[in-house]
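Here's the structure, in structure tokens; my notes come after.
Read-outs: derived from the displayed coordinates by stated rules, not from any lab. All figures in this text were calculated on a predicted structure; none of them were measured in a lab. Virtual Cβ from ideal backbone geometry, glycine too; neighbours counted across all protein chains shown.
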């Protein structure tokens, strides 16, 4: 038995496309529906109730496409909304925080993990809390890197400016002798090479996008929700709440392919 | 006759503090009430109707403080809301777009003006439209500089990274032989020295914050709304819709003084 219904993937904007990319690679037979809430980003500065309300609207929208599972490809929504929505809905969900935190807790040998993310994520302490719920003895060092998202959105992935900014941001973490570093913002995997060069080869980089895609694959198998093998990749659909053009440019750079279809949705209606 | 009622100044966030600073200097006897809509920023990516709704709420809030005039210290709100709100209200308003555009149109000798701003402002063409309404023969060259706001918010005003980013952004405008450059985002006056060094001394920089403060001074005189001379500076009040702490740090850096009082307001209630 195979299940040909699509899988929903959502984020506050374009960052979740790095998760989408990993999901495409790990479960290539699945049709995906992406929603980026570009009209209401960023989520990181908004309250828990506001973010939960946004997530509920997006879930209602995705369910109009008859999705069989949902990937919350946004750190803030994973932290603020996932636990509540999972209880309210009858399909399985996976977020980006737990898979990344679990792998980091398993990977560290000296019990010292770094987390780099937006200011909102670092201040919320959500990675620290989840790592401590696994192992309270692990020391977690958070560092916000506010320029990383705009640098990624400029497309300056491997660049002298980005290298200098990374060097300044990561210097503090290097002084803490961490052996594992979580890329705690969905944009950051696009800076992976620069970050890896800066941290050196003794530090394991954890990419929650990759771990989430692996987790999704396991979840689909567990629930008997896998689609049948296909010769051609499925036709994916992309929706945003504003400015579809800018989204297109960024998405094509991240996914390195033409998008099948993109449309603007009035998300407040859901 | 003097009028001791305060003046309202509002922006989508912290950028309007550069306008606040100029207003403090030009009309030092006036008590000011600042509102920064930090929970709902950025405005530049939102629709005209949404921004107009936000501006109406903020005007209602400011009027609970019995303001005698309002400075719209936000480019997007000046473009999308000012004309409508002026008609609805019985107090005088001034925005940042028109004063800057007027001075630039008067300053250019070769009829070639550059505008640097956020992507939203550049795409809206609001400076271009207003300059053309003054003189249709002027050529306007817009360039968005997405990294400038986060660089300012990091406090990297005079910095090797900022210099390199400015060099890349401004290179295109230098090739257009502009003789006048509008700093079309309220954050950018804080990068004035770096921008001036990059453009060279033959290019006149227009700071709309400065021109707006001068315009406000004239407007108060014209309407007979000036406060009486004072020996001490008035007690200014600061309000934000979210994250007052981060606002405080930034405000103290921009204004170079301790803030008298800061409070968080639930702006959706107004």
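So the values come out like this:
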| item | result |
| --- | --- |
| Gaussian network model of chain B, springs between alpha carbon atoms under 10 Å - residue of B:134, B:182, B:94 with greatest fluctuation | B:134 |
| Neighbour-count order for A:108, B:204, fewest beta carbons within 10 angstrom listed first | B:204, A:108 |
| Crossing angle, helix A:97-107 versus chain A [Cα axis fit, 0-90 degrees, rounded to tens] | 40 |
| Computed helical MRE - 222 nm, chain A, DSSP H runs ≥ 4 contributing -39500 (n - 2.57), nearest 500 | -13500 deg cm²/dmol |
| Inter-copy separations for residue B:231, label at 7 Å along Cα-Cβ, nm, ascending | 9.2 |
| 10 Å Cβ neighbours from other chains, averaged over peptide B:235-245 | 1 |
| Sequence-separation-based contact order of chain B, relative, with Cα cut under 8 Å and 6+ spacing, percent | 28 |
| Relative contact order %, the range A:115-222, counting alpha carbon pairs below 8 Å whose residues are six or more apart | 29 |
| Whole-number D in µm² s⁻¹ for the range A:126-169, Kirkwood Cα-pair radius fed into Stokes-Einstein, 20 °C, 1.002 mPa s | 173 |
| Taking the range B:166-265 and dividing mean pair separation by its residue count, relative contact order in percent (alpha carbons under 8 Å, at least six apart) | 22 |
| Closest approach to the A/B rotation axis among chain A Cβ atoms, residue and whole-Å value | A:150, 2 |
| Selected from B:198, B:154, B:231 as most flexible by GNM, with chain B as the system and alpha-carbon contacts under 10 Å | B:231 |
| √(5λ) per eigenvalue of the Cα gyration tensor, the range B:1-121, largest first, Å | 23, 19, 13 |
| Order of B:109, A:98 - criterion: other Cβ atoms within 10 Å of each residue's Cβ, fewest first | B:109, A:98 |
| Residue-averaged beta-carbon neighbours from other chains (10 angstrom radius) around A:33-42 | 1 |
| The range A:70-117 - convex hull of the alpha-carbon atoms, volume per residue in Å³ | 79 |
| Alpha-carbon gyration tensor eigenvalues x 5, square-rooted, for the protein assembly as shown, Å | 43, 25, 24 |
| Cα-Cα P(r), the range A:128-270, percent of pairs per 10 Å interval | 9, 28, 31, 24, 7 |
| Relative exposure of B:193, A:26, judged by other C-beta atoms within 10 Å (fewest first) | B:193, A:26 |
| Cα convex hull of the range B:97-208 - mean projected area over all directions, nm² | 6.0 |
| Per-pair calculated FRET efficiency, R0 = 56 Å: residue A:63 and residue B:171 via Cβ, rounded to 0.05 | 0.70 |
| Per-residue average of Cβ from other chains inside 10 Å of A:146-154 | 4 |
| Chain B: angle of helix B:17-26 to the longest principal axis, Cα-based, in degrees nearest 10 | 70 |
| Spacing of the two label points (7 Å from each Cα toward its C-beta) at residue A:1 and residue B:129, in nm | 5.7 |
| Paired Rg and Dmax values of chain A, which use every Cα atom, in angstrom | 17.8, 53 |
| Convex hull per residue volume in Å³, alpha carbons only, for the range A:167-227 | 105 |
| Listed residues A:176, A:211, A:222, most fluctuating in chain A (Gaussian network, C-alpha, under 10 Å) | A:222 |
